[in-house]
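Since every read-out is calculated from the coordinates, none of them should be taken as a lab result. Quick caveat: nothing in here was measured; it's all calculated off a predicted structure. A quick note on method: Cβ atoms are made from the backbone with ideal geometry, for glycine too, and the neighbour counts reach across all protein chains shown.
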Amino acid sequence: MNTPTRDEKLAAWLAAEQAMRARLAQPGTLTLAQVSELQPQEFFDGIGNGDLPCPPFGHLVDFIPLEWESGRFVFQGTPDARHYNPLGSIHGGYAATLLDSCMGCAIHTQLKRGQGYTTTDLRISYVRALTSKVGPVRAEGRIVHLGRSTALAEGRIYDVDDRLYAVGSTTCLILGTPS
């Protein structure tokens, strides 16, 4: 089996993003009670199929959910001039937001109906600067540990060439009683 070229991989990433964007509904929110009634897979599949509103914050920062499964979540976005800091690179908050989102959603994929979570600790290490020349990046989060009251996850941001831009870890407090 041949390894795809960079151009082929980039084309595949962009096609996956375009296909997902075509399915996503308009930005909006559900109530906590509505989200609590859904299993995590139902919730994320509903967003990905356009049956549930796409979270407004992703629209604001312009990144989308791309892949999810139990214990893993991937967002994709292309940083551009809107995300620059005064020093001429993408603001560190962009990477922190992507990492917080992918790690938190990875945890969410394994919660039970009626449970929620909130970030209690977020640690980010920046490896190299993001610029608008990087192209699309992916933020991938994976669960490290899921307990009754806390969960740990780690994440990374990388580009189509698998260059690493930032890594992170989070601790989340598990909220609610499982249904």
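Return the FRET efficiency for the residue pair ARG113, LEU10: r is the Cβ-Cβ distance, R0 is 41 Å, and the value is rounded to the nearest 0.05.
0.60
Taking the Cα centre of the stretch 6-175 as origin, work out the dipole magnitude from +1 charges on Lys and Arg Cβ and -1 charges on Asp and Glu Cβ, in debye rounded to 20.
300 debye
Can you give the net charge of the other residues whose Cβ lies under 14 Å from the Cβ of ARG123, counting K and R as +1 and D and E as -1? Numbers along the way, then the final one.
Numbers: positive: ARG156; negative: ASP100, ASP121, GLU154.
Surrounding charge for ARG123 is -2.
At 25 °C and a viscosity of 0.890 mPa s, what translational diffusion coefficient does Stokes-Einstein give for the stretch 108-179, taking Rh as the Kirkwood radius over Cα pairs? Give it in µm²/s as a whole number.
181 µm²/s
What nm value, rounded to one decimal, do you get for the distance between THR120 and ASN2 when each label is placed 7 Å out toward the C-beta?
5.2 nm
Can you find, among THR109, ILE124, PHE44, the residue sitting farthest towards the positive end of the charge dipole of the stretch 6-175, where Lys and Arg contribute +1 and Asp and Glu -1 at Cβ?
Checking the options against the dipole of the stretch 6-175, the answer is ILE124.
Between the alpha-carbon centers of the stretch 31-69 and the stretch 86-103, tell me the distance in whole angstrom.
Comparing the Cα centres of the stretch 31-69 and the stretch 86-103, I get a distance of 21 Å.
Largest first and to the nearest Å, give the Cα extent of the chain along each principal axis.
Answer, in whole Å and largest first: 46, 40, 33 Å.
As a check on your grasp of the helix formula, calculate [θ] at 222 nm for the chain: sum -39500 (n - 2.57) over DSSP H runs of n ≥ 4, divide by the residue count, round to the nearest 500.
Value at 222 nm, helices only, nearest 500: -9500 deg cm²/dmol.
Classify the stretch 1-86 from the C-alpha gyration tensor, please: rounded if a/c falls under 1.5, else prolate or oblate depending on whether a/b exceeds b/c.
The shape class here is oblate.
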